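The values are calculated or read from the model by the stated rules, or taken from the named source; none is laboratory data. None of these values were measured; they are calculated from a predicted model. We place every Cβ from the backbone using ideal geometry, glycine too, and count neighbours over all the protein chains shown. Accessible surface areas use protein heavy atoms only, side chains included; no ligands, DNA or RNA. Shrake-Rupley method; radii C 1.70, N 1.55, O 1.52, S 1.80 Å.
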Amino acid sequence: MMPFRKPTSRFRPCVAALLGLVLTLSGCSDSETWQGKDISSLMPDLEFTLTGSAGEPVTEADSAGQIRLLFFGFTSCPDVCPTTLTALSKAINQMPETLQDRVTTLFVSVDPDRDTPERIASYVDFFGENIIGLTGGEPALRDLTKRYRTTFGYDEPDADGNYQVSHSAAVYVFDGAGNARLLFRPGLTPKMMSEDLTALASEG
């Protein structure tokens, strides 16, 4: 495990600025055919090398052909993470049964000091079968979040060593070829997301 490092006083403004990029981006290329925000050609293809919940290396190639829902969070998250993952699970379950297996959620923990592969495995089990728990060293996580124009940060730990993690609430949607297609932001209902996922799964 890497030692926990407290953020510098200059870090929080950077967090706010970079998270703001996601909000700015999400206002671009809106399409009448999508409930989420169309980010086609605005984000790079899906690419990562992380550690799976069994401790094994995992890359985007392991789920090639699947629609991937990329979400950054942490298992101690009190609200955003469980709410988002529950909504994604409901959205997938509302798709036609023949299409549900074409969607995989990638939950990437940005809290590697506490989120061991075993802990992540136990956590994602609550949210269905088509979800993969991932994490990695902080440098790899920094590179991946930067790739998708977001970031994360750590609050000061309390007397018991507990701390919160700031992260984006957005979900990045990639098609079977790994192309960035949509951004799901808070406010979309499971039904709305399900409509988009069904349309993507029905392409080609």
Take the residues in the stretch 49-59 that are in contact (Cβ under 8 Å) with a residue 24 or more places away in the chain and either of a type in the set (Val, Ile, Thr) or under 22 Å from Ser89 (Cβ atoms) (or both); name whichever of them is surrounded by the most Cβ atoms within 10 Å (Cβ to Cβ).
Ser53
By residue number, the members of the stretch 188-204 that are under 15 Å from Thr86 (Cβ atoms) and outside any helix (DSSP H, G or I) are Leu188, Thr189
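Here's the yes/no breakdown for (1) out of contact with any helix residue (DSSP H, G or I) (no Cβ under 7 Å at 6 or more places or on another chain); (2) among the small types (Gly, Ala, Ser):
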position: Gln94; (1), (2): no, no
position: Val103; (1), (2): no, no
position: Pro117; (1), (2): yes, no
position: Asp125; (1), (2): yes, no
position: Asn130; (1), (2): no, no
position: Pro139; (1), (2): yes, no
position: Asp160; (1), (2): yes, no
position: Val165; (1), (2): yes, no
position: Ala170; (1), (2): no, yes
Restricting to the stretch 76-91, name every residue that is closer than 15 Å to Val110 by Cβ and crowded, with 18+ Cβ neighbours inside 10 Å.
Cys77, Cys81, Thr84, Leu85
So, Ala177, is that one open to solvent by 10 Å² or more (accessible area, probe 1.4 Å) and either without any contact (Cβ under 8 Å) to a residue 12 or more places away in the chain or more than 16 Å from the chain's Cα centre (by Cα) (or both) or not?
yes
So which of Asp38, Asp62 is among the acidic types (Asp, Glu) and either under 25 Å from Ser166 (Cβ atoms) or surrounded by 14 or more Cβ atoms within 10 Å (Cβ to Cβ) (or both)?
Asp38
Close pairs (6 angstrom Cβ cut-off, 6 or more residues apart or separate chains): farther than 26 Å from Asp160 by Cα and in contact (Cβ under 8 Å) with a residue 60 or more places away in the chain in the stretch 111-138, in a helix (DSSP H, G or I) and not hydroxyl-bearing (Ser, Thr, Tyr) anywhere:
Gly133/Ile120; Gly133/Ala121; Gly133/Val124
Pick from the stretch 92-146 the residues that are hydroxyl-bearing (Ser, Thr, Tyr) and outside any helix (DSSP H, G or I): which of them is most open to solvent (accessible area, probe 1.4 Å)?
Thr116
